[in-house]
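Presented below is the structure to which this report refers.
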Amino acid sequence: MDRGARLVVVGAGFAGASLLRHLPPPLRKPGETLLIDRREDWTFIPLAHEVAVGRVHPDSVRSPISPLTRNTCAFLRADVAGVDPAERVLHTSEGTVGYEYLVLNPGSVAAHPPAPLEKHVQTFWNIEDALALRGALNHAWNLATSPEITPPGLLNVAVVGGGATGVELAGEVASLFDYLKKRSHRRPLEEPKVVLFEATDRLMGWLDPYFDKVARQTLANLGVEVRLNTPVDEADQFGVRFGGEFLPAATRVWAAGVEASPLVRELPGKHDGSGRVAIDEHLTLPDHPEVYVLGDAGLYTDPKIGPLPPTASVAVQQGPWTARDLKRRMRGAGSRRGRPPFRFFDRGYVVSLGPESAVADAVGLKLRGPAAQALYRSVFLYYMKSRRDRLVTGADWAMERALGRLGFQSEKPEEAS
Ligand SMILES: Cc1cc2nc3c(=O)[nH]c(=O)nc-3n(C[C@H](O)[C@H](O)[C@H](O)COP(=O)(O)OP(=O)(O)OC[C@H]3O[C@@H](n4cnc5c(N)ncnc54)[C@H](O)[C@@H]3O)c2cc1C
């Protein structure tokens with residue numbers, strides 16, 4: 001064994017960071033706890049769509065992991081390739097790591113596009129995807145407003161997947177085109193068009209139907225064409241094909257969901273269709289009570305709500321709960337006695353619909369429009385990891401009107417003479 005610790009935590013995302021912040025004193029020592037992550041910084045990914053349209057700087061949503069570990073735990077930057085629960089060992093790019101307790105929070109990866117699409121759509125899952133999209137949109141706009149002859153569909157954007165990510169992205173891209181039209185000297189020859197494709201009959205099907213209703217109305221006002229019951233069959237470098245029709249589109253984004261990290265797909269036990277591994281009422285593997293699986297990687301079925309979705313709001317409740325459970329176990333609590341089960345407190349959900357609007361269902365209160373957008377911003381600032389992140393993201397939002405969007409043309413149109 002190359003190294004080891006009493007508690008090993010894999011992943012410093014929403015679940016891992018909230019766990020480390022609440023670690024009980026006996027584990028709050030670099031010799032007792034080891035954090036492993038493949039990256040040295042962490043991204044507040046729920047704002048990726050705002051990075052893609054230049055409203056938020058990528059560095060504002062990226063923060064270093066090191067402050068989280070100061071005086072709390074040791075940090076190993078490594079890729080974890082496998083877990084051997086029988087031997088209580090992790091296999092990592094830096095060697096083997098032993099543990100007494102293991103908390104796995106490796107999150108998700110983008111669901112793979114099907115073969116007829118994969119070569120010609122870009123995924124939208126991490127900050128690199130957001131920056132690639134920002135580059136593609138910027139390039140398309142500059143070309144479309146240049147004197148050159150341009151191909152049809154240069155400013156058409158096809159977003160595949162009407163979940164929260166696809167909805168938020170479609171709203172932002174439509175608002176971006178509005179912004180660019182107001183700020184640019186030249187008008188493109190062809191009007192931009194954003195089309196959101198959803199295979200089922202509803203947007204954001206796992207949320208209350210209110211989300212679908214408000215999103216469709218707001219997106220229509222922003223000029224987004226929503227196509228329900230419309231799976232995209234194929235994509236090429238010119239556009240997308242669906243139900244016998246073809247939409248020329250230079251930008252084609254795949255936003256149709258996530259899958260569990262490959263790390264948990266190999267774990268013993270039951271898995272759902274996306275690879276998440278089933279965990280019990282203590283968020284541990286049923287046959288390995290020393291292995292917790294939190295956040296997007298674990299499939300927890302709440303007795304009242306059912307299987308919980310892979311969202312940050314679930315992850316940030318599971319981290320602190322696990323810290324308390326570890327504390328109880330360290331004091332000698334048995335598997336049932338003295339260890340209450342995890343229960344999810346549903347505080348609701350909020351989805352942004354462009355810079356000025358959002359839709360929310362928060363603790364039983366349904367909201368839409370600017371009030372929901374204000375709630376959306378407050379929730380996100382609250383969940384950011386540091387004061388610095390809150391400050392710079394807040395500043396990006398505040399300065400957007402005065403200074404324009406990052407990475408996009410920001411000159412005002414010339415006054416008509
Ligand atoms: C575009 C987008 C928008 C979203 N918007 C929202 C939203 O508005 N609201 C909401 O509630 N949720 C949203 N989500 C979902 C939310 O981001 C996830 O539910 C949340 O990040 C899960 O937290 P986690 O701790 O499980 O994983 P993560 O936060 O993803 O953290 C995983 C960590 O594990 C590390 N890691 C992964 N694999 C390995 C490995 N093999 N070895 C070492 N380290 C590893 C990663 O580097 C990372 O630091 C969004 C997701 C996406 C993609």
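The values are calculated or read from the model by the stated rules, or taken from the named source; none is laboratory data. Worth saying up front: this structure is predicted, and the values here are computed from it rather than measured. Note: ideal-geometry Cβ built from the backbone for every residue, glycine included; neighbour counts use all protein chains shown.
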| Given (1) under 23 Å from P113 (Cβ atoms); (2) crowded, with 21+ Cβ neighbours inside 10 Å; (3) not small (G, A, S), where does W206 come up short, assuming only one miss? | (2)
| Selection from segment 362-371 of residues that are at pLDDT below 95 and surrounded by 15 or more Cβ atoms within 10 Å (Cβ to Cβ) | A362
| note | Apart from one, (1) crowded, with 22+ Cβ neighbours inside 10 Å; (2) modelled with pLDDT of 95 or more all hold for A74; the odd one out is (1)
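Can you find a residue that is at pLDDT 95 or above, crowded, with 19+ Cβ neighbours inside 10 Å and out of contact with any strand residue (DSSP E or B) (no Cβ under 9 Å at 6 or more places or on another chain) anywhere in segment 194-202? Reasoning before the result, please.
First, the residues of segment 194-202 that are at pLDDT 95 or above: 194-202.
Applying the additional criterion that residues be crowded, with 19+ Cβ neighbours inside 10 Å yields 194-198.
From the residues that got through so far, the ones that are out of contact with any strand residue (DSSP E or B) (no Cβ under 9 Å at 6 or more places or on another chain) too are none.
No, segment 194-202 has no match at all.
Please find, among D79, D59, the residue that is within 22 Å of the chain's Cα centre (by Cα), away from the ligand (no atom under 14 Å from the Cβ) and touching a residue at least 40 places away in the same chain (Cβ under 8 Å). I'd like the intermediate steps shown before the answer.
Working: D79 fails: away from the ligand (no atom under 14 Å from the Cβ).
From the options D79, D59, the qualifying one is D59.
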| request: Mind listing whichever residues of segment 292-324 are more than 10 Å from the ligand (Cβ to nearest atom) and β-branched (V, I, T)? | output: T301, I305, T322
| remark: Sole miss for K213 among (1) assigned to a helix (DSSP H, G or I); (2) within 30 Å of T43 (Cα to Cα); (3) within 24 Å of the chain's Cα centre (by Cα) is condition (2)
| field | Number of the exception - T92 against (1) outside the structural domain of V264 (by TED's automatic domain parsing); (2) in contact with a strand residue (DSSP E or B) (Cβ under 9 Å, 6 or more places away or on another chain); (3) crowded, with 20+ Cβ neighbours inside 10 Å | value | (1)
| Qualifying residue in segment 20-31 (condition: near the ligand (Cβ under 10 Å from one of its atoms) and surrounded by 21 or more Cβ atoms within 10 Å (Cβ to Cβ)) | no
| said: Filter segment 63-101 down to the residues that are outside any strand (DSSP E or B) and of a type in the set (G, A, S) and list them by number. | reply: S66, A78, A86, S93
| List, please: which pairs have Cβ atoms under 6 Å, are six or more places apart or on different chains, and start with a residue in segment 390-408 that is more than 19 Å from R62 (Cα to Cα) and in contact (Cβ under 8 Å) with a residue 12 or more places away in the chain and end with one that is in a helix (DSSP H, G or I) and not aromatic (F, W, Y)? | F408/N138
| remark: Considering segment 127-177, residues that are away from the ligand (no atom under 16 Å from the Cβ), in a helix (DSSP H, G or I) and of a type in the set (G, A, S), and then whichever is surrounded by the fewest Cβ atoms within 10 Å (Cβ to Cβ), we arrive at G135
| task | Please identify the pairs in which a residue from segment 329-340 that is farther than 14 Å from T284 by Cβ and modelled with pLDDT of 80 or more has its Cβ atom under 7 Å from the Cβ atom of a residue that is part of a loop (DSSP other than H, G, I, E, B) and not acidic (D, E), counting only partners at least 6 apart or on another chain. | result | M330/P24
| Applying the selection to segment 1-30, what residues are basic (K, R), part of a strand (DSSP E or B) and touching a helix residue (DSSP H, G or I) at 6+ places or on another chain (Cβ under 8 Å)? | R6
| field | Filter pass, G332 being out of contact with any Ser or Thr (no Cβ under 9 Å at 6 or more places or on another chain), of a type outside the set (V, I, T) and at positive phi | value | yes
